[in-house]
Amino acid sequence: MQTEERATTLEVDESEQLEGGARRDYMTINMGPQHPSTHGVLRLILTLDGETIVKAQPDIGYLHTGIEKTAEGKSYFKALVVTDRMDYLAPLANNLGYSLAVEKLLGIEVPERALYARVILAELQRIASHLVWLGTSALDLGAQSVFLYCFREREIILDIFELCSGVRMMTSYIMPGGLQADLPPGFEQRVRDFLALFPKRLREYHDLLTNNRLWVDRTKGICKLPAEDAVRLGCTGATLRGSGVAYDVRKAFPYGGYERFDFDIPVGANGDVYDRYLVRMLEMDQSLRIIQQALDGLPGGPWQVDDPKIVPPPKYMVSSNMEALIHHFKLYTEGYRPPAGEVYVRTESPKGELGFYMVSDGSARPYRMHVRAPSFANLQALPLMIQGAFVADVVAAIGSIDIVLGEVDR
Amino acid sequence: MAEGQTGPGTVALWPKNPHAEATVTLVRERFPDAISDVVEYRGETTIIVRAERIEEVCRALRDAPELRFNFLADITAVDWPEREPRYDVVYHLLSLETSAVIRLKLRVGDDETPNPEIATVTTVWPAANFFEREVFDLFGIRFSGHPNLTRILMPSDWVGHPLRKDYPLTGIALPEPHWGGQIPFDQPLPPGTGAQTLRTPDGVAEAPAPPNDADDTR
């Protein structure tokens, strides 16, 4: 195996002697899995004719951690934490998809306050994820200062998550049945401060990049993906919308209360790196609109379903109330048993359509949890995108489809 | 919540897709012998199709002018080892134009065919490429006509298919020296590396024969 790997690492496939002593070689080289601009451990096997890509083949699986198999061995209550680790730049979006799937299996609906809080958190998460994308993809193309600014704003969002859940990234804050805890005092003010601050900062990013000659030259008309190919190859999210297809799960199949909010779907026209960039930039504006509306309408009241078999009782009751103790014990040792059946729940994660296919056999553990990972499907379009492009543009293309390898490999 | 009991507002919460009836009718009319069952649960419609007809049914659904299922959202599988046929292969179809949604399911696999073979749908939607490779990798279901049916998530020399329910959860035999000591790069790995043993409370059980390495092209 290892010798085989070495043999395929660098190989001259075809070569022909041209006139005047020049030679023409097709060369196969590795890009990754430890390449800094593949955003993780993606390995691309590139066949090159000079600087031009003749063929590209993605090789994935370096981050395969068996999340679907792991979930089969855990109760529904505990399998939540593995979903955080898939798209580790948008854990709350994964939590939301998982929670909606389990709630659909159980046949329950969460209170209004949880619904609104989830929308606020999911949209904050979308902005945070897009900020990482913006920073890293600009860094890949040589715009180093954007990276630092993006992470400065992302830090504000992570502070809000820390305020809610005590954890910056792997929060597991959205859970089946509602939220882990009520939104803390000060949450609303922190989010409002962010809403007041962020549009100005977003303007700064636009100033830095959108009309920047260097940025436009590196992205406009580069690595085009025609709309029909994007659909045929199963792309979703900004990769699909950048090509001009207005498909957003939040509009097409509203879930979790999104039908109550007024927002638009930015759509590109050319399907190039620049359009995908603009779509995500404009999406952040729309997320701000949604957060504003959800924050204004945020009701009081319970933040979890009133069912001690699904959500744990408050800690203070466990030491004083016999029933609460029993519920606590049952939930943490065994968990709940949704009726046998299967559901597929699609949500719009920052990367695209995140689908959870859950099969219950009536026991306390998911019989099967399959994740339709948007990055996994979007990656299929990469070889087509970069065919005929220069090696330097591969970096732009990878940045523009915004893959997270934790989700590709699961 | 007791088993089988559903919460308040179940019906209103998960409305049926408006195109589900039309889809079922279309498949029933065009392929009366291919459809074996229609299941509904929580507003989601599943058509259970005979395995050998899947490609035709998919093509017809994609080309049906009033439905236009132009988008393959997902392919996956479920293993039911006690049941025969053993595997469910599940297709989630979507139309970006009409917002129609349908789930197709087929059942394959018995004792004689540990690696059942079904027709690929990459000819209908190229998106199926990665999804089918994933199902092949993790379940060992083969897709005839697939352009590049190789492992995608597991290493190419892996034995067995991890998402099968009978896949051992512990016990991979590691070479001597253990991974703590490096094996020189150009030396061959000792025989038996990667072979799976099942560690039980009574000690190491006999290594189960790799489920299907005879006809496994890896």
Task: Within region B:77-141, strands (runs of 3 or more DSSP E) holding 1 or more residues that are away from chain A (no Cβ under 12 Å) - done: B:101-108, B:117-119
Open item on the list: Quick check on A:MET369: is it without any contact (Cβ under 8 Å) to a residue 12 or more places away in the chain, on the phi < 0 side of the Ramachandran plot and aliphatic (A, V, I, L, M)?
Closed with: no
Open item on the list: Taking the criterion of being within 8 Å of chain B (Cβ to nearest Cβ) and either under 30 Å from A:VAL273 (Cα atoms) or touching a residue at least 60 places away in the same chain (Cβ under 8 Å) (or both), would at least one residue in region A:319-334 satisfy it?
Closed with: no
- [ ] Check off (1) within 14 Å of chain B (Cβ to nearest Cβ); (2) loosely packed, with under 14 Cβ neighbours inside 10 Å; (3) touching a Phe, Trp or Tyr at 6+ places or on another chain (Cβ under 9 Å) for A:ASP306 and give me the number that stays unchecked.
- [x] (3)
Open item on the list: For region A:338-352, which positions are in contact (Cβ under 8 Å) with a residue 24 or more places away in the chain and surrounded by fewer than 21 Cβ atoms within 10 Å (Cβ to Cβ)?
Closed with: A:PRO339, A:GLY341
- [ ] Could you please let me know if A:VAL231 is assigned by TED's automatic domain parsing to the domain that holds A:GLY256 and farther than 30 Å from A:ASP307 by Cβ?
- [x] yes
- [ ] For region A:366-373, state whether one or more residues are over 22 Å from the mean Cα position of the chain (by Cα), surrounded by fewer than 24 Cβ atoms within 10 Å (Cβ to Cβ), within 11 Å of chain B (Cβ to nearest Cβ) and of a type outside the set (S, T, N, Q).
- [x] yes
Open item on the list: Among the residues that make up region B:69-78, is at least one of them out of contact with any strand residue (DSSP E or B) (no Cβ under 6 Å at 6 or more places or on another chain), small (Gly, Ala, Ser) and in contact (Cβ under 8 Å) with a residue 40 or more places away in the chain?
Closed with: no
TODO: Determine whether region B:12-25 contains at least one residue that is modelled with pLDDT under 80, aliphatic (A, V, I, L, M) and loosely packed, with under 14 Cβ neighbours inside 10 Å.
DONE: yes
TODO: Test each condition in (1) away from chain B (no Cβ under 14 Å); (2) aliphatic (A, V, I, L, M); (3) closer than 21 Å to A:GLY268 by Cα; (4) surrounded by fewer than 24 Cβ atoms within 10 Å (Cβ to Cβ) for A:ALA392 and report the one that comes out false.
DONE: (3)
TODO: Identify, by number, the condition in (1) under 20 Å from A:ILE60 (Cβ atoms); (2) in a strand (DSSP E or B) that A:SER375 doesn't meet.
DONE: (2)
TODO: Could you grab me the full set of residues in region A:130-169 that are more than 30 Å from A:ALA392 (Cβ to Cβ), surrounded by fewer than 18 Cβ atoms within 10 Å (Cβ to Cβ) and touching a residue at least 60 places away in the same chain (Cβ under 8 Å)?
DONE: A:MET169
Task: The listed residue being aliphatic (A, V, I, L, M), more than 11 Å from chain A (Cβ to nearest Cβ) and in a loop (DSSP other than H, G, I, E, B), out of B:LEU26, B:LEU61, B:LEU67 - done: B:LEU67
TODO: List the number of the failed condition for A:VAL54; all other conditions in (1) within 12 Å of A:PRO176 (Cα to Cα); (2) of a type in the set (A, V, I, L, M, F, W, C); (3) surrounded by fewer than 24 Cβ atoms within 10 Å (Cβ to Cβ) hold.
DONE: (1)
Task: Residue list for region A:339-353, filter: touching a strand residue (DSSP E or B) at 6+ places or on another chain (Cβ under 7 Å) and either more than 9 Å from chain B (Cβ to nearest Cβ) or under 18 Å from A:GLU68 (Cα atoms) (or both) - done: A:GLY341, A:GLU342, A:VAL343, A:TYR344, A:VAL345, A:ARG346, A:THR347, A:GLU353
Open item on the list: Looking only at region A:57-88, filter to residues that are among the acidic types (Asp, Glu) and part of a helix (DSSP H, G or I); which one of those is farthest from the other protein chains (Cβ to nearest Cβ)?
Closed with: A:ASP84
Task: region A:23-56, residues that are touching a residue at least 40 places away in the same chain (Cβ under 8 Å), part of a loop (DSSP other than H, G, I, E, B) and within 24 Å of the chain's Cα centre (by Cα) - done: A:HIS39, A:GLY40, A:VAL41, A:LEU42
Task: All positions within region A:354-383 that are in contact with a strand residue (DSSP E or B) (Cβ under 9 Å, 6 or more places away or on another chain) and among the hydrophobic types (A, V, I, L, M, F, W, C) - done: A:LEU354, A:PHE356, A:MET358, A:VAL359, A:MET369, A:VAL371, A:ALA373, A:ALA377, A:LEU379, A:LEU382
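So that you can scan it fast, the table gives a plain yes or no per residue for (1) part of a loop (DSSP other than H, G, I, E, B); (2) hydrophobic (A, V, I, L, M, F, W, C):
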{"site": "A:ILE291", "(1), (2)": "no, yes"}
{"site": "A:ALA294", "(1), (2)": "no, yes"}
{"site": "A:PRO299", "(1), (2)": "yes, no"}
{"site": "A:PRO302", "(1), (2)": "yes, no"}
{"site": "A:ASP307", "(1), (2)": "yes, no"}
{"site": "A:VAL311", "(1), (2)": "yes, yes"}
{"site": "A:MET317", "(1), (2)": "no, yes"}
{"site": "A:ALA324", "(1), (2)": "no, yes"}
{"site": "A:TYR336", "(1), (2)": "yes, no"}
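The values are calculated or read from the model by the stated rules, or taken from the named source; none is laboratory data. Every value quoted in this text rests on a predicted model; they were computed, and no experiment measured them. All Cβ positions, even for glycine, are placed from backbone atoms using ideal geometry, and neighbour counts span all protein chains on display.
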